[in-house]
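As structure tokens, the structure follows; a few thoughts come after it.
The values are calculated or read from the model by the stated rules, or taken from the named source; none is laboratory data. Note that the coordinates shown come from a computational prediction; the quantities given were computed from them, not determined experimentally. Here the Cβ positions follow ideal geometry from the backbone for every residue, glycine too, while neighbour counts run over all protein chains shown.
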Amino acid sequence: MTRKDLKNYKYNQEWIKGRMNYIEEYKTSVEKTTTILSDMPKRN
């Protein structure tokens, strides 16, 4: 591997880690919304 390959690899790993954090936060947000909606009273 060249120095450039290593830099790209490191950058890609950091990008993936950032995307995983974003996905986890988004998942939590969706779960909260789903919980709130399911707890709302049903319309008769």
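Out of all the residues in segment 1-13, which are surrounded by 10 or more Cβ atoms within 10 Å (Cβ to Cβ) and not basic (Lys, Arg)? Show your work before the answer.
Start the filter on segment 1-13 by keeping residues that are surrounded by 10 or more Cβ atoms within 10 Å (Cβ to Cβ), which leaves 6-13.
6, 8, 9, 11, 12, 13 - these are the residues of segment 1-13 that are surrounded by 10 or more Cβ atoms within 10 Å (Cβ to Cβ) and not basic (Lys, Arg).
Name the residues in segment 8-44 that are of a type in the set (Lys, Arg) and modelled with pLDDT of 95 or more, would you?
Listed by number, the residues that qualify are 10, 17, 19, 27.
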